[in-house]
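Report on one structure; see the data block that follows.
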Amino acid sequence: MCIQRIELILRNKDTSKNIPAMQQKVQKYIEKHSLLTPSAKIIVGVSGGTDSVVLLHLLQKLGYDCIVAHCNFHLRMDESDRDEAFVRSLANSMKLPCYIIDFNTVEYSGKHKLSIEMAARELRYNWFSELLKNQGAEAIAVAHHADDSIETMLMNLVRGTGIRGLSGIPVKNGCVVRPLLCCSRNEIENYLIENGLDHIEDSTNATSDYTRNKFRNEILPLLEEINPSVRQTFYQTIDRFEGIQAIYQQSLEKINSELVHNTINGVEINIEKLKSQAHVATILYEILFPYGFHPAVIEQIEGHLDSEPGKLFYSESHRLLKDRKCLIINANTQSNNNIYTISQKNSEIFVCLLSEI
C-alpha cells in the first residue's frame, strides 16, 4: 500500500508527462523568450496551411485566448476563396472568433511599387496591428518555423544584409511573436498527422516562382546533397548568430552614443571619432543603413571622409551632408531627384548628378 501510494504521488507530481512533447517544447520556448503571458489574448495569423493550423492548435491547447485572423490576397483565383472558407470553418469548429479581410494585392503592389511578396506582407501586418488594438490583444502570433529562418538567413546572405540578417527571423519583433521558431518543418508535419488536423495546401509552395520557394525547393535540397545534416547545422549557426547579434548590438549602442548626436542641424556623426574605430566601413554601414542608404552609397560616403566639405548623398528618405567635422543627416525634402549635390569650393559651384555618386 505504501509503495503504491508513493508511486501515485510521484506520478501526479510529474504533470509534464501528460503534456505532448511538442506542446512542452513550444511552451518552454515561449517562456524562455518571454513571448506571451499565461492565458493572454492573441491574434493568430491563420492561412489554413500546415504551419498556421498547428500553431493555432498548439496555442489553444496551451490555454491562450486565440482570435483567428485571415487575409484573402486574391492572388490564386479560386484557391484564395477556398482558403478563406476553410479558415472560417476551422475557427467555427474550434469555437474561436474569426476575422477575415480582402485585399487587392496586385493593385497595392503597383501603386506602392512593391513586389507582390512585399505588398502582401505590408498589408497583412498593417491589418494585424489594427486588429491587435481593436481587440485589446497582447500579441500577434505567426507561424514561421526553424526552416523558414534558415531560408531567410540564406536569402539575406545572398542579398548582403550584414550580421543582422544571418540570425534568421527574429523570435519577437514588437508585438509580433513566432512561437514555432523552435520547431522544424518535419516536427510540425508530424504533429499535424498525430493530431489528425485538417489543413489545405497552397499550390504555389511547390513552384519556384517566388524567391523563398527557390531556396526551399532547389537550393536547400542541393546543399543537403553535400551535407545531409545541413539543416541541423544551420539551426545551430542561427542560434549562435542570435547570441553574436546581441553582443554586437550592445557594442554598436556604445559606439553610437560616442559618435552620433541629435543637434539642431540634424543627426551628426563625428568624423574623427568615426575614423578612429577598428572597422570604419562596418560602423558606417550600421549607422546609415537604417536611414535607407544603399551599401554602394555608404561605400562612396566612406571614400569622401577626408574630402572637402559640401558633398551631398541621398537615400529615398534622407540626405547626408559631408561637413568639415561631421556627417549631417536630415530628412530628404528635395523635389528634384535628378540633382543630387550643390556644393561650393574655391568660389565655384558644383552640381553632382545621381550617376556621379
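The values are calculated or read from the model by the stated rules, or taken from the named source; none is laboratory data. A quick note: this is a predicted structure, and the numbers were derived from the prediction, not measured. Every residue, glycine as well, gets a Cβ built from its backbone with ideal geometry; the counts of neighbours run over all protein chains shown.
Can you confirm whether Leu96 is within 24 Å of Ala146 (Cβ to Cβ) and either among the β-branched types (Val, Ile, Thr) or at pLDDT 95 or above (or both)?
So Leu96 does not fit the description; no.
Would you confirm, using the coordinates I've provided, whether Arg212 is among the basic types (Lys, Arg) and more than 17 Å from the chain's Cα centre (by Cα)?
Details: among the basic types (Lys, Arg): yes; more than 17 Å from the chain's Cα centre (by Cα): no.
When the stated conditions are applied, Arg212 does not pass them.
Restricting to helices (runs of 4 or more DSSP H) lying wholly in segment 221-328: which have 2 or more residues that are out of contact with any Cys (no Cβ under 8 Å at 6 or more places or on another chain) and free of Cβ contacts under 8 Å to residues at least 12 places away in the same chain?
Answer list for segment 221-328: 230-259, 295-303.
Report, by residue number, each residue of segment 145-170 that is under 18 Å from Tyr29 (Cβ atoms) and without any contact (Cβ under 8 Å) to a residue 12 or more places away in the chain.
Selection gives Pro170 alone.
Just to be sure I understand, how many residues within segment 114-173 are among the polar types (S, T, N, Q), under 18 Å from Thr233 (Cα atoms) and surrounded by fewer than 19 Cβ atoms within 10 Å (Cβ to Cβ)?
1
I'd like to know if segment 71-85 contains one or more residues that are at pLDDT 95 or above and either closer than 20 Å to Ala139 by Cα or not assigned by TED's automatic domain parsing to the domain that holds Leu131 (or both).
Within segment 71-85, one or more residues are at pLDDT 95 or above and either closer than 20 Å to Ala139 by Cα or not assigned by TED's automatic domain parsing to the domain that holds Leu131 (or both).
Looking at segment 94-108, is at least one residue touching a helix residue (DSSP H, G or I) at 6+ places or on another chain (Cβ under 6 Å) and part of a helix (DSSP H, G or I)?
Within segment 94-108 (the criterion being touching a helix residue (DSSP H, G or I) at 6+ places or on another chain (Cβ under 6 Å) and part of a helix (DSSP H, G or I)), the answer is yes, since at least one residue qualifies.
Would you mention how many residues in segment 44-77 are in a helix (DSSP H, G or I) and among the small types (Gly, Ala, Ser)?
Residues in segment 44-77 being in a helix (DSSP H, G or I) and among the small types (Gly, Ala, Ser): 1 in total.
I'm trying to understand the selection: among the residues of segment 236-272, which are closer than 13 Å to Leu327 by Cα and surrounded by fewer than 15 Cβ atoms within 10 Å (Cβ to Cβ)?
Selection gives His261, Asn262, Thr263, Asn265, Glu272.
Could you go through segment 279-294 and let me know if any residue there is under 30 Å from Leu75 (Cα atoms), outside the structural domain of Arg164 (by TED's automatic domain parsing) and exposed (fewer than 14 other Cβ atoms within 10 Å of the Cβ).
yes
Are any residues in segment 71-127 over 17 Å from Arg212 (Cβ atoms) and polar (S, T, N, Q), and if so, which ones?
Asn72, Ser80, Ser89, Asn92, Ser93, Asn104, Asn126
Go through segment 58-77 residue by residue and tally those that are buried (at least 20 other Cβ atoms within 10 Å of the Cβ) and either under 19 Å from Tyr191 (Cβ atoms) or touching a Gly at 6+ places or on another chain (Cβ under 7 Å) (or both).
6
Find the residue count for segment 295-314, including only residues that are crowded, with 18+ Cβ neighbours inside 10 Å and under 16 Å from Arg159 (Cβ atoms).
Residues in segment 295-314 being crowded, with 18+ Cβ neighbours inside 10 Å and under 16 Å from Arg159 (Cβ atoms): 1 in total.
Please pick out the residue among Ser89, Ser80 that is in a helix (DSSP H, G or I) and surrounded by 15 or more Cβ atoms within 10 Å (Cβ to Cβ).
Of Ser89, Ser80, the one residue that is in a helix (DSSP H, G or I) and surrounded by 15 or more Cβ atoms within 10 Å (Cβ to Cβ) is Ser80.
Return yes or no: is Arg76 more than 25 Å from Glu31 (Cβ to Cβ) and within 19 Å of the chain's Cα centre (by Cα)?
no
Would you tally the residues in segment 140-184 being in contact with a Cys (Cβ under 9 Å, 6 or more places away or on another chain), assigned to a loop (DSSP other than H, G, I, E, B) and among the aliphatic types (A, V, I, L, M)?
Adding up the residues that qualify gives 1.
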